[in-house]
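Undergrad: Here you go, one structure.
The values are calculated or read from the model by the stated rules, or taken from the named source; none is laboratory data. Please read all numbers here as calculations on a predicted model, not as lab measurements. For neighbour counting, all protein chains shown are included, and Cβ atoms are generated from backbone atoms with ideal geometry for every residue, glycine included. Surface accessibility is based on the protein's heavy atoms, side chains included, excluding ligands, DNA and RNA. Shrake-Rupley method; radii C 1.70, N 1.55, O 1.52, S 1.80 Å.
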Amino acid sequence: TPDGLIVRVIADSYNGIPFGSPNDCIPDGRGGIYFTDSRVRDENPRQPGTAVYQVDSAGTVRPVTGWNEINVPNGCVVSADGKTFFLSGSNENTIWMFDIGGYGSLANKRPFAALIPPEFPHDKDRRRGAADGLALDREGNLWAATNFGITVFDRRGDFLGNVWFPFSPSHCVFGGNDLSVL
């Protein structure tokens with residue numbers, strides 16, 4: 001609530017074992033959500049690795065990627081047609097895409113876009129590409145919070161440009177009456 005009260009917990013564990021560090025989440029279009037768990041707990045019991053999970057409309061939690069399949073799974077978004085899942089890994093320079101199958105399963109992992117760092121004259125330490133939060137605009141372009149600012153790709157994964165920031169943003173979202181404000 002606005003006052004900071006927890007109304008209900010959607011998921012806090014898988015098979016009775018707590019998550020390490022749940023991060024981004026996105027509705028799955030079927031009454032559930034996908035979310036990333038980007039860190040394994042230091043203490044036991046702990047999950048076998050990091051993963052993307054789905055909580056279905058009945059509250060059943062299950063991993064939909066393999067353990068440690070993505071190096072630090074982070075930002076995620078579902079295409080408007082509900083057929084494609086996009087995922088960034090904090091320690092990877094690739095944004096991945098998966099086909100969404102029955103019951104929300106993810107299959108056919110493949111690269112969507114490479115985060116090839118453009119020249120960044122202000123800070124030589126920010127040349128490695130990595131994405132955090134992801135958003136899709138009305139045209140299907142993918143916007144990724146990166147260590148360069150917001151990096152934009154068209155629906156085929158081709159680089160369109162950067163919105164530069166003096167710092168590395170961790171997420172991006174569209175708002176406003178017509179969802180045209182970044």
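Undergrad: Just want the answer: with Cβ charges of +1 for Lys and Arg and -1 for Asp and Glu, which residue in Ser170, Leu87, Asn44 is farthest toward the dipole's positive end in segment 27-182?
TA: Positive-end residue among those listed: Asn44.
Undergrad: Considering only protein heavy atoms and a 1.4 Å probe, what is the carbon-and-sulfur percentage of the accessible area of the chain?
TA: 52 percent
Undergrad: Here's a follow-up. Can you tell me the relative contact order of the chain? Whole percent, Cα pairs under 8 Å, sequence separation 6 or more. Write down the numbers at each step before the final one.
TA: Working: 430 pairs, mean separation 21.9, N = 182.
Result for the chain is 12 percent.
Undergrad: Select from segment 1-43 those trypsin sites (Lys or Arg not before Pro) which occupy a DSSP coil region and have at most 10 other Cβ atoms within 10 Å, ordered by residue number. Spell out each step's value before the answer.
TA: On the way: sites: Arg8, Arg30, Arg39, Arg41; in loops: Arg8, Arg30, Arg39, Arg41.
Here the sparse-neighbourhood loop sites are Arg8.
Undergrad: Which shape class applies to segment 126-182: rounded if a/c is under 1.5, otherwise prolate when a/b exceeds b/c and oblate if not, where a ≥ b ≥ c are the square roots of the Cα gyration tensor eigenvalues? Please report the intermediate quantities before stating the final value.
TA: Numbers: a/c = 2.25, a/b = 1.36, b/c = 1.65.
Oblate, because a/c is 1.5 or more while a/b does not exceed b/c.
Undergrad: Among Ile70, Phe112, Met97, pick out the residue whose Cα is farthest towards the positive end of the charge dipole of segment 29-178, where Lys and Arg carry +1 and Asp and Glu carry -1 on C-beta, about the Cα centre.
TA: Positive-most Cα among the choices belongs to Ile70.
Undergrad: Is the C-alpha gyration tensor of segment 32-103 telling us rounded, prolate or oblate? Criteria: a/c under 1.5 is rounded; beyond that, a/b larger than b/c is prolate, otherwise oblate. All intermediate terms of the calculation are to be shown ahead of the outcome.
TA: Values: a/c = 2.44, a/b = 1.23, b/c = 1.99.
Because a/c hits 1.5 or more and a/b fails to exceed b/c, segment 32-103 counts as oblate.
Undergrad: Same structure, new question: What's the center-to-center distance, using Cα atoms, between segment 136-174 and segment 24-47 in Å?
TA: Using only Cα atoms to place each centre, the spacing works out to 23 Å.
Undergrad: Which net charge results when you count Lys and Arg as +1 and Asp and Glu as -1 among the other residues whose beta-carbon is under 13 Å from that of Thr50? Mind dumping the intermediate values first?
TA: On the way: positive: Arg39, Arg41, Arg46; negative: Asp24, Asp37, Glu69, Glu92.
Result for the neighbourhood of Thr50: -1.
Undergrad: Grab the other residues whose beta carbon is less than 12 angstrom from that of Thr36, score K and R as +1, D and E as -1, and report the net. Present the calculation step by step, with values, prior to reporting the outcome.
TA: Details: positive: Arg39; negative: Asp24, Asp37, Glu69, Asp132.
Summing Lys/Arg as +1 and Asp/Glu as -1 gives -3.
Undergrad: Could you sort 55-67, 84-96 so that the peptide with the highest average Cβ count within 10 Å comes first and the rest follow in order? Spell out each step's value before the answer.
TA: Details: 55-67: 14.6, 84-96: 21.7.
Packing proxy ranking, top to bottom: 84-96, 55-67.
Undergrad: Another question about this same structure. Once the other residues with Cβ under 13 Å from the Cβ of Val61 are scored (Lys, Arg +1; Asp, Glu -1), what is the net sum?
TA: Values: positive: Arg62; negative: Asp12, Asp28, Asp37, Asp56.
Taking every other residue near Val61 into account, the sum is -3.
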